[in-house]
Amino acid sequence: MIYKHFIVSVNTLTTLPAFLMKTQYNLQYVDFGNNSFNCTCEMKALQDWILSDQRTYINPQLMYVCKSPTVYNGLGITRFRLDCTPHHGTLHLAYILIISFSGLIVMSIIIGIIYRKYRWHIRYKLWVLLYQRRYQRYIDNDDDADIMNSDDEDDVDADHRYEAPIMRRRYHAYVAYHRESQAWIDDQLIRVIEDGQEQFRLCLKERGDIPAGHYILNAICHGISKSRKTIAVLSENFMDDGWCHYQLHFARMRMVMDNADVLILVQIGEIPDCKKTLLLRQLLCYKEVLKWPEDLIGQELFWNQLRMELRKPARVDRRFEQV
């Protein structure tokens, strides 16, 4: 509906939306005097319309005065001045929040991409830090020292009394291998090394030699730290398994931390050169690999060499600091 006259004078209006007048294009006369206007930013649009509109006749503006707030009481509604623009501090804070939130989203996306691509490297580095903290705790913990009696301890260390006490362990060797090599472990390694004449004590995670309830990383850390040496049974499947890599890394780390030759490399089957990791190639520069032969004479030599490596003291060798 279009109006030519708009009269709302002598009322108790506190504000008047300017759009009521702006939408009436044929409006000729306006009278909204003698009201109790509250001169706040809600009235700013009406004030701007009064000052800018040249088509509509408005009764003398002295009749349009503010009633509140007190500071503007009695002042004409076209004369009060308020800064109704958003405060610079508020805008600045809004900009900061928007930029920070956008940056957080971008960083989350970048971190997600990096983690997806390098998640195994990141996990390994974190586990290495965790291993370093727990390694000393394991070898210094005497809570389970009664598992090996005095006679067993004499058997283990009779030929190595010149070794530092820290090198004494509950097992002769921790065995790191892939599950596909389980048949060789059961039929050959355990039969000859553990059940043989010398009865070396091996630590096998899959056999339950490590106390139940350990997370796999803790189990690896516990087994390696509680064994004098580590036997890594290398195979093509070993090279394809992430946990096998971690066991080899932790064994190498112990070589560096103890500054001693505590790693024995055993290979069953052929391993393509393309699958040999950088760490293995580095180790091969310093370590001899005992390869499992098919003939009986070669196998007898293999067992003699392995027994000799297990009996051999974990001598200090500073070359391993660079491996």
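Overview of values
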quantity	calculated
Cα-Cα over 24 Å, subset of Lys117/Lys205; Lys226/Lys287; Lys205/Lys229; Lys117/Lys291	Lys117/Lys205; Lys117/Lys291
Globularity ratio of segment 191-243, using Cα Rg and 2.2 N^0.38 Å	1.27
Rounded to the nearest 10 Å², the accessible area of Tyr171 at probe 1.4 Å	20 Å²
Accessible surface, 1.4 Å probe, highest first, among residues Phe200, Phe6	Phe6, Phe200
Candidate lysines for bridging to Lys67, where Cα separation is under 16 Å - those fewer than 8 sequence places away on the same chain excluded	Lys44
Integer Hz, Karplus 6.51/-1.76/1.60 couplings in order for segment 229-239, x for Gly and Pro	9, 10, 9, 9, 8, 7, 7, 5, 5, 4, 5
Solvent-accessible area, 1.4 Å probe, carbon plus sulfur percent, for segment 251-296	53 percent
Positive-end extreme of charge dipole, segment 237-312 - chosen from Met257, Val289, Gly269 (charges on Cβ)	Met257
Dipole magnitude (debye, nearest 20) for segment 176-271, charges at Cβ of Lys, Arg, Asp, Glu	460 debye
Alpha-carbon radius of gyration plus Dmax, which is the widest Cα pair, for segment 170-273 in Å	13.1, 37
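The values are calculated or read from the model by the stated rules, or taken from the named source; none is laboratory data. Since the structure is predicted, the reported quantities are computational estimates derived from the model, not experimental observations. Methodologically, a virtual Cβ is constructed for each residue, glycine included, from the backbone with ideal geometry; neighbour enumeration extends over all protein chains shown. Areas reflect the complete protein model, heavy atoms only, side chains present, ligands, DNA and RNA absent. Shrake-Rupley method; radii C 1.70, N 1.55, O 1.52, S 1.80 Å.
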